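First the structure, in the form of structure tokens, and then the observations on it.
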Amino acid sequence: MGRPRHPDKHIEKAIKYAEAKGWRVVMSNGHAWGRLLCPFDGRGGHAFGVWSAPTDPEGFARSIIRRVDQCTHEREEP
């Protein structure tokens, strides 16, 4: 079973973009919908919260894509 879809279509599309770049989604049981974790599995990896209902969903989706593109950690190919 896969992860639940984000309720906003713009943010869901940005999350799928991140997943295609090797990022992982970890579901949250707190205030955030979940967290995005970059491909680096160490302490230096990038991570940030994905909110369920941000004030500007389209702007938040753009910021997800921007942060994914700025990450210097590449997905390790087997």
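The values are calculated or read from the model by the stated rules, or taken from the named source; none is laboratory data. Nothing here was measured: the structure is a model prediction, and the numbers come from that model. In case anyone asks, the SASA skips ligands and DNA or RNA and just uses the protein heavy atoms, side chains included. Shrake-Rupley method; radii C 1.70, N 1.55, O 1.52, S 1.80 Å.
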Rank these by accessible area, largest first, 1.4 Å probe: 66, 43, 5, 35. 43, 5, 66, 35
Based on DSSP H runs of at least 4 residues, each adding -39500 (n - 2.57), what is the mean residue ellipticity at 222 nm of the chain after dividing by all its residues, to the nearest 500 deg cm²/dmol? -10500 deg cm²/dmol
Using the 2.2 N^0.38 Å rule of thumb for compact globular proteins, work out how the chain stacks up: its C-alpha Rg over that value, please. 1.05
